[in-house]
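Below is one structure, written out as structure tokens; the observations come after it.
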Amino acid sequence: MGDAEDPELRVREDIARHGFHVALVPPEAGTPGWALSIGLFERHAHPELLVFGPDLGVIGPLLHHLARRVDGGDRLEPDTDRSDLLEGQPLAFRTVVPKWYGPFLGNAAWHYRSEDFPALQVFWPDPGGRYPWDPAGDAGWRDDQPLLYLPETHRALSERLVEVLRHEGAL
């Protein structure tokens, strides 16, 4: 049994045992948190997954569910919407552009020792059925789900998230 205090060992053990590891980054300073998979590319030649939201108690289990689906053979494809993954909840998938790997996929890059792996961002619609890229959608919903398929900072991130990332030196 590995040392629970050694993060690298824990990630490797989770990948060996479950086929993936889920890393959680808590919300801070009015910005959303996120959950990301590590190991889906290594074990299944599948893009890593990334999902944002204000509640790790929701996005962590969501990402774990999706990673288990991939581990079971499901393929989540970029630029698709799926309504068969969660009961009553459609999800959309978009390819994360490399510019955002450093700020948001650093844990996976650390594991792979490079940024040479694909990643998909998972999106869910607001209560009106609109995804965050829809201008008619809920603005708060949009702020909780940055658009990491866009390379332009001002289009991809909320002003608050830009401010926090600049303060942390990630941008």
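The values are calculated or read from the model by the stated rules, or taken from the named source; none is laboratory data. From a predicted model like this one, the values you see are computed outputs, not experimental measurements. Here the Cβ positions follow ideal geometry from the backbone for every residue, glycine too, while neighbour counts run over all protein chains shown.
Within the stretch 14-33, restricting attention to residues that are out of contact with any strand residue (DSSP E or B) (no Cβ under 8 Å at 6 or more places or on another chain) and aliphatic (A, V, I, L, M), which residue is farthest from VAL162 (Cα to Cα)? The residue in question is ALA16.
Taking LEU62, is it closer than 20 Å to VAL25 by Cα and either touching a residue at least 40 places away in the same chain (Cβ under 8 Å) or not acidic (Asp, Glu) (or both)? Criteria met by LEU62.
For the stretch 116-164, a residue qualifies if it is in contact with a helix residue (DSSP H, G or I) (Cβ under 6 Å, 6 or more places away or on another chain) and farther than 21 Å from GLY33 by Cβ, and the qualifying residues are PHE117, PRO151.
For the stretch 75-96, the condition of being touching a residue at least 40 places away in the same chain (Cβ under 8 Å), within 30 Å of HIS167 (Cα to Cα) and not basic (Lys, Arg) holds for at least one residue. In this structure, SER114 does satisfy being hydroxyl-bearing (Ser, Thr, Tyr), over 21 Å from TRP141 (Cα atoms) and exposed (fewer than 15 other Cβ atoms within 10 Å of the Cβ). How many of the residues making up the stretch 134-152 are surrounded by fewer than 18 Cβ atoms within 10 Å (Cβ to Cβ) and either in contact with a strand residue (DSSP E or B) (Cβ under 6 Å, 6 or more places away or on another chain) or at pLDDT 95 or above (or both)? Residues in the stretch 134-152 being surrounded by fewer than 18 Cβ atoms within 10 Å (Cβ to Cβ) and either in contact with a strand residue (DSSP E or B) (Cβ under 6 Å, 6 or more places away or on another chain) or at pLDDT 95 or above (or both): 3 in total. Residues in the stretch 86-97 that are more than 16 Å from the chain's Cα centre (by Cα) and among the hydrophobic types (A, V, I, L, M, F, W, C): LEU86 only. If you check ARG94 against the conditions, is it closer than 22 Å to GLY19 by Cβ and either at pLDDT 95 or above or hydrophobic (A, V, I, L, M, F, W, C) (or both)? Spelling it out, it is not the case that ARG94 is closer than 22 Å to GLY19 by Cβ and either at pLDDT 95 or above or hydrophobic (A, V, I, L, M, F, W, C) (or both). Condition check for GLU5 on (1) under 28 Å from VAL162 (Cα atoms); (2) assigned to a loop (DSSP other than H, G, I, E, B): one failure, at (1). Once the stretch 2-18 is narrowed to residues that are surrounded by 16 or more Cβ atoms within 10 Å (Cβ to Cβ) and aliphatic (A, V, I, L, M), the residue that is nearest to TRP110 (Cα to Cα) is VAL11.
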